[in-house]
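Peer 1: Before I ask anything, here is the structure I am working with.
The values are calculated or read from the model by the stated rules, or taken from the named source; none is laboratory data. All figures in this text were calculated on a predicted structure; none of them were measured in a lab. No Cβ is skipped: glycine too gets one built from the backbone with ideal geometry, and neighbour counts run over all protein chains shown.
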2 protein chains.
Amino acid sequence: MDRAEALRRIGDERVARLATIGSDGPHLVPVVFAFDGGRVVTAVDQKPKRTRDLQRLKNIVADPRVSLLADRYDDDWSRLWWVRVDGTARIVRTGAEFVEVLALLADKYQQYRSDPPRGPAIVIEVGRVAWWSAEPPRV
Amino acid sequence: MDRAEALRRIGDERVARLATIGSDGPHLVPVVFAFDGGRVVTAVDQKPKRTRDLQRLKNIVADPRVSLLADRYDDDWSRLWWVRVDGTARIVRTGAEFVEVLALLADKYQQYRSDPPRGPAIVIEVGRVAWWSAEPPRV
């Protein structure tokens with residue numbers, strides 16, 4: 001896997017896990033998301049939430065450093081891989097960028113076409129990209 | 001889902017994601033793991049590693065607060081769920097507890113029976129358990 005392939009794989013995944021830093025320690029939630037080549041975007045939607053779930057927003061305001069991981073598990077461990085993106089997140093509530101985020105998400109998830117997320121959105125500027133694959137690189 | 005069901009589900013999962021806090025921000029890796037009712041255990045094994053992958057050990061030494069997430073994705077969003085365990089981690093390299101960890105892991109993953117992880121092991125004392133399910137609770 002090279003960087004281009006790593007980014008292609010993360011873009012194709014339907015779910016990833018978002019880690020933020022909270023005052024109590026690391027915080028982790030699964031997210032649906034889209035990747036446009038430079039930014040990973042996700043949004044708070046209408047899936048039922050526990051209050052504490054919005055901890056991710058509070059954490060980003062206090063510390064914008066986030067990490068996002070997509071991985072493939074298989075009981076055949078020669079098929080395992082993961083891709084991780086570290087970046088800087090910000091909260092977007094309105095405006096042109098919010099509309100852009102909704103369009104990216106609706107393009108990927110049909111659920112969002114009939115019921116767009118009310119937000120806020122989280123926009124992550126991708127910094128370091130790391131990846132790993134159990135498969136030996138193709139020659 | 002109640003706490004018992006949440007713990008049952010996380011115990012049954014084949015993979016989870018482990019978040020630690022590093023000096024550069026949150027760190028995230030997928031892990032195979034076992035849960036014995038009180039502790040989540042995982043170990044550094046012989047899967048090929050990038051050097052930086054052992055960042056998780058360095059991070060735990062500096063800050064033992066970790067978060068572990070298992071989740072189920074489905075394009076039918078009424079089937080989504082996740083379970084998260086926050087806890088305190090420590091590194092175990094030798095001794096009776098290390099042997100116990102290997103036994104727990106070998107019991108769950110046949111791969112570890114022929115090729116036990118050399119370690120070190122990470123032992124997480126489970127603190128807070130959080131969960132979410134899109135399914136309405138059964139009455």
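Peer 1: Applying the selection to the stretch A:71-92, what residues are under 17 Å from the mean Cα position of the chain (by Cα) and of a type outside the set (A, V, I, L, M, F, W, C)?
Peer 2: Listed by number, the residues that qualify are A:Asp71, A:Arg72, A:Arg84, A:Asp86, A:Gly87, A:Thr88, A:Arg90.
Peer 1: With the condition kept exactly as written, say whether any residue in the stretch A:14-21 is under 21 Å from A:Arg84 (Cβ atoms), more than 9 Å from chain B (Cβ to nearest Cβ) and not aromatic (Phe, Trp, Tyr).
Peer 2: Taking every residue of the stretch A:14-21 in turn, at least one turns out to be under 21 Å from A:Arg84 (Cβ atoms), more than 9 Å from chain B (Cβ to nearest Cβ) and not aromatic (Phe, Trp, Tyr).
Peer 1: While we're on this one: I'd like to check something: does the stretch B:78-88 contain any residue that is free of Cβ contacts under 8 Å to residues at least 12 places away in the same chain, more than 24 Å from A:Gly25 (Cβ to Cβ) and either more than 11 Å from chain A (Cβ to nearest Cβ) or out of contact with any Lys or Arg (no Cβ under 6 Å at 6 or more places or on another chain) (or both)? Can you show your working first?
Peer 2: Just the residues of the stretch B:78-88 that are free of Cβ contacts under 8 Å to residues at least 12 places away in the same chain, to begin with: none.
For the stretch B:78-88, residues free of Cβ contacts under 8 Å to residues at least 12 places away in the same chain, more than 24 Å from A:Gly25 (Cβ to Cβ) and either more than 11 Å from chain A (Cβ to nearest Cβ) or out of contact with any Lys or Arg (no Cβ under 6 Å at 6 or more places or on another chain) (or both): absent.
Peer 1: Under 9 Å between Cβ atoms, which residue pairs at least 6 apart in sequence (or on different chains) link something in the stretch A:104-126 that is at positive phi with a partner that is part of a strand (DSSP E or B) and surrounded by fewer than 21 Cβ atoms within 10 Å (Cβ to Cβ)?
Peer 2: That search, which allows pairs on different chains as well, returns A:Gly119/A:Ile91; A:Gly119/A:Val92.
Peer 1: Residue check: is A:Ala96 closer than 19 Å to A:Glu13 by Cβ, more than 9 Å from chain B (Cβ to nearest Cβ) and not acidic (Asp, Glu)? Quick ask: steps written out before the conclusion?
Peer 2: Working: closer than 19 Å to A:Glu13 by Cβ: no; more than 9 Å from chain B (Cβ to nearest Cβ): yes; not acidic (Asp, Glu): yes.
Judged against the criteria, A:Ala96 is not a match.
Peer 1: A further question on this structure: Evaluate the following for A:Arg72: is it at pLDDT 95 or above and either under 13 Å from A:Ala16 (Cα atoms) or within 9 Å of chain B (Cβ to nearest Cβ) (or both)?
Peer 2: On the way: at pLDDT 95 or above: yes; either under 13 Å from A:Ala16 (Cα atoms) or within 9 Å of chain B (Cβ to nearest Cβ) (or both): yes.
Spelling it out, A:Arg72 is indeed at pLDDT 95 or above and either under 13 Å from A:Ala16 (Cα atoms) or within 9 Å of chain B (Cβ to nearest Cβ) (or both).
Peer 1: Something else about it: Might you check whether a residue that is hydroxyl-bearing (Ser, Thr, Tyr), surrounded by 12 or more Cβ atoms within 10 Å (Cβ to Cβ) and outside any strand (DSSP E or B) occurs anywhere in the stretch B:111-121?
Peer 2: Checked the stretch B:111-121: at least one residue is hydroxyl-bearing (Ser, Thr, Tyr), surrounded by 12 or more Cβ atoms within 10 Å (Cβ to Cβ) and outside any strand (DSSP E or B).
Peer 1: Let me ask you something else. So which of B:Pro48, B:Pro64, B:Pro26, B:Pro30 ends up being more than 8 Å from chain A (Cβ to nearest Cβ) and free of Cβ contacts under 8 Å to residues at least 60 places away in the same chain?
Peer 2: B:Pro64
Peer 1: Shifting gears a bit: Condition (residue is under 19 Å from B:Val66 (Cα atoms) and hydrophobic (A, V, I, L, M, F, W, C)) applied to the stretch A:38-54: is it met by at least one residue?
Peer 2: yes
Peer 1: Let me ask you something else. When you check A:Arg56 against the structure, is it farther than 22 Å from A:Arg118 by Cβ, touching a residue at least 12 places away in the same chain (Cβ under 8 Å) and within 15 Å of the chain's Cα centre (by Cα), yes or no?
Peer 2: no
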